[in-house]
Amino acid sequence: MPIIRTMSDAITTEHAALAPQHLPAAVFAELEIVRDPDNLFHQTIEQVLVASQIVGMRHHQQIILAQPANEIMVHFPVLMDDGHHDLFKGYRVQHNNALGPYKGGIRFHPDVNLDDIKALAVLMTMKCSLVRVPFGGSKGGVKCDPRELSVTELMRVTRRFCSAISNQIGPDYDIPAPDVGTNARIMAWFADTYAQMSPEHERHDTIRIVTGKPVDWGGSLGREKATGQGLVYILQEMLPELGIDISAMTFSLLGFGNVGGWTGRLLNGLGATLVAVADHTGAIHNDGGIDPELLAEHVTETGGVSGFREAEMIGQDEFYGLEVDVLVPAALEQMITPEKAELINAKVFAEGANAPSTPEGDAVLMRRGIEILPAVLCNAGGVTVSYFEWVQNKSSVSWSAEEVDERLKMHMVLAARRTNLARVKYDVDMRTASYCAALEQIRKVYDLRGVFP
Ligand code: NAD
């Protein structure tokens, strides 16, 4: 099925055929959203609305998707180690639950803000639908710097945040998971807090309140690597069409946390050569190949890639300009501005991170013929294995690592094929195609369910 075509084909697509009253601007005006071009939520909703119109969603379906169902903002005090109390701000945004319980990560980061969390919740709705797991989309976060907190402070922030939102989440209603700045240990504290707040006889059932837990306490084998593994399955499905042989390719990683680190190790295991990595501490390069296992040890010990002895330090611009087959952004949103996009010298931009480029950065990548494999497709492995964890918890069984991988592969490959089909069917770029493939399912469900009353 030779489906992937060049991006330059895709950008000639005319959305102008849509009637003016159906353009996203009309929905923005109706909902009194004053569009800010730098606002990630506005950018995301605009792209989703374009896709919703392409797949023929009805007006009421579009306005439902244009705003989250619930936006929860909390402030809570936490006892710090030196005896004083700090007040923290946290968010939980529940975008849409037409397909199933809300599902989405919790981020601990100093830049956490409501509109970014809203955008990430929208992307979760798209992602769950695209990989056909029966969840809706949500996201949460606490504005804090986990690197500045002691372990005991981190635990108290987690427990207080869980208690602050405990009435708005639930194991069959809204299920958090790890994201930037959070991990399995934090999920264990979260689950324990929720259990302690639940009636005694329900406590064991509440373990499903979060996914991404430690394997020793309700977690699934394969969850930790799942996002990287899913991305690798997408590359295995997509790269042959682009004439790239994984076992002989070069790649670079922007970000070496959960997603970047696992993607690096798994691609390295398939024979690909990791030539450069950048993170918040700097960028490193070695044409002969960087060993991701050794680098992971170095990052665990020192907190970042900077100073890794088996590679030379390089500047940011040099990092982006390196010639590679695949660049995987796996850090934060909006990092690829038009200036950085002009520097990028990769054939494929495989989005591990959510919304890694600005719309203007995206346009530059497209103009330059760089193939973008969109985030809702590439990084959906995490939520897919989260779903597996939830199913295992619900039915009190444990699947083997092989079974998890096999099922994950099936979801990822089918999502890739769905996206490719939408690309051809609607004659759109890959990002729009991924949204179209996701929205086709949501539209079908809304058509069946209708809107209460
Ligand atoms: P993480 O916290 O484990 O790692 C984040 C990485 O980004 C670190 O290497 C950090 O150094 C780097 N980084 C932060 N600021 C940077 C900067 N200014 N310049 C360069 N690098 C910087 O987070 P993660 O879980 O790997 O998530 C990364 C991205 O993937 C996020 O967009 C997240 O939403 C997305 N994602 C994660 C998962 C998951 O399962 N963890 C699932 C889907 C999507």
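The values are calculated or read from the model by the stated rules, or taken from the named source; none is laboratory data. Quick caveat: nothing in here was measured; it's all calculated off a predicted structure. Here the Cβ positions follow ideal geometry from the backbone for every residue, glycine too, while neighbour counts run over all protein chains shown. We work out accessible area using only protein heavy atoms, side chains counted, and drop any ligands, DNA or RNA first. Shrake-Rupley method; radii C 1.70, N 1.55, O 1.52, S 1.80 Å.
Quick one: with all protein chains in place, what share of the accessible area of the stretch 74-173 is carbon or sulfur, to the nearest percent (1.4 Å probe)? About 51 percent, which is the carbon plus sulfur part of the accessible surface. When peptides 343-355, 189-201 are sorted by average Cβ neighbour count within 10 Å, with the highest value leading, the order is 343-355, 189-201.
Each stretch of four or more DSSP H residues adds -39500 (n - 2.57); spread over every residue of the chain, this sum gives -13500 deg cm²/dmol at 222 nm. Can you check what the net charge comes to around Lys213, using other residues whose Cβ is under 12 Å from the Cβ of Lys213 (Lys, Arg +1; Asp, Glu -1)? In short, -1. For the pair the stretch 208-238 / the stretch 120-188, the C-alpha centres are spaced 15 Å from each other.
Highest mean first, the peptides 254-265, 156-167, 390-401 sorted by other C-beta atoms within 10 Å per residue fall in the order 254-265, 156-167, 390-401.
Overall form of the stretch 299-369: prolate. Here a/c, set by the Cα gyration tensor axes a ≥ b ≥ c, is 1.5 or more, and a/b is the larger of a/b and b/c. At a threshold of 8 angstrom on Cα-Cα distance, excluding pairs fewer than six apart, so keeping six or more, what relative contact order does the chain reach in percent? Across the chain, relative contact order equals 17 percent. Computed extension length for Leu31-Asp145: 37.6 nm, one decimal, from 0.36 nm per residue of separation with the Cα-Cα distance subtracted. Pairs of Lys residues in the stretch 20-173, spaced 8 or more positions apart or belonging to different chains, with C-alpha separations under 15 angstrom: 9 in total. Centre-to-centre separation between the Cα atoms of the stretch 345-407 and those of the stretch 271-323: 22 Å. Solvent-accessible area per residue in the stretch 126-224 equals 41 Å², computed with a 1.4 angstrom probe and all protein chains kept.
Antiparallel as a % of all DSSP beta bridges within the chain, to the nearest 5?
That works out to approximately 50 percent antiparallel.
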